[in-house]
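Undergrad: Have a look at this one.
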């Protein structure tokens, strides 16, 4: 399948023109599901919108180069929705943690698409 450069460029533009809000820092737990631990900073892009009515979700890793590495497309059977989340500056290990977080439940499944 051919990589669509314009898709990634559009994501770059929206991230570059948005403030990143980290509302669930690494090491914190999900407010509704305390058994879920965030092993990577998680947040959203301020003044954007996503399928769930909130801002576009992002995972912000610890890699020195803070560029978009990938997206994860998820389906949430409990909420009966789907959305994408942008991965920024994630290491290989952080990508794996994010992937497993979105696939370790019978109610949520995701695919990781690398840039």
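Computed from the coordinates by the stated procedures, all read-outs in this text should not be read as laboratory data. Please read these numbers as outputs of a predicted model, since none were measured by experiment. Note that each Cβ is placed from the backbone with ideal geometry, even for glycine, and that neighbours are counted across all protein chains shown.
Undergrad: Among 55, 61, 110, which is the only one that is touching a strand residue (DSSP E or B) at 6+ places or on another chain (Cβ under 9 Å) and closer than 15 Å to residue 18 by Cβ?
TA: Answer to the check: 55.
Undergrad: Before we move on, is residue 61 on the phi > 0 side of the Ramachandran plot and touching a residue at least 24 places away in the same chain (Cβ under 8 Å)?
TA: Here the answer is no, as residue 61 does not meet what is asked.
Undergrad: Quick one: is residue 54 in contact (Cβ under 8 Å) with a residue 12 or more places away in the chain and either closer than 19 Å to residue 101 by Cα or surrounded by fewer than 20 Cβ atoms within 10 Å (Cβ to Cβ) (or both)?
TA: no
Every residue, every condition in (1) at positive phi; (2) surrounded by 20 or more Cβ atoms within 10 Å (Cβ to Cβ); (3) under 10 Å from the mean Cα position of the chain (by Cα), yes or no:
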{"residue": "72", "(1), (2), (3)": "no, yes, yes"}
{"residue": "80", "(1), (2), (3)": "yes, no, no"}
{"residue": "86", "(1), (2), (3)": "no, yes, yes"}
{"residue": "97", "(1), (2), (3)": "no, no, no"}
